[in-house]
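Below: one structure, written as structure tokens.
The values are calculated or read from the model by the stated rules, or taken from the named source; none is laboratory data. These numbers were taken from a predicted model, which means no experiment stands behind them. Note that we place each Cβ from the backbone using ideal geometry, even for glycine, and neighbour counts take in every protein chain shown. Just so you know, the surface numbers come from the protein's heavy atoms only, side chains and all, with ligands and any DNA or RNA stripped out. Shrake-Rupley method; radii C 1.70, N 1.55, O 1.52, S 1.80 Å.
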Amino acid sequence: DTIGKQLVRAADSISANIAEGYGRHYYKESKQFYFYSRGSIQETKSWLSKCLRRKIIEPAICNSLIETCNKIVIMLNAFIKFVAKSQKVR
């Protein structure tokens, strides 16, 4: 019950922080929320690893989800870099 709720909260926080950052007016403020999102991805991976160790999730499913998280981090880092270069008011 607890680990499942924490995993869902961490995963939900990824997109929520991206959305909140996108809604901000200034690039610096936006970037901060994208950094929060990146932290939520790492937290999600941590909870997935705990699920695997506790045999709550099948290894193939866990590995696939962690790989998806890794791909999202790469895309998010590229987006953060783009926003940093823009440094313009939206």
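Things worth noting here:
- Selection status of residue 21, at pLDDT below 95, surrounded by 14 or more Cβ atoms within 10 Å (Cβ to Cβ) and part of a helix (DSSP H, G or I): yes
- Evaluation of residue 36 against (1) at pLDDT 95 or above; (2) open to solvent by 80 Å² or more (accessible area, probe 1.4 Å); (3) more than 10 Å from the chain's Cα centre (by Cα) (one fails), failing number: (3)
- Tallying residues that are touching a residue at least 12 places away in the same chain (Cβ under 8 Å) and under 16 Å from residue 70 (Cα atoms) within the stretch 19-41 yields 7.
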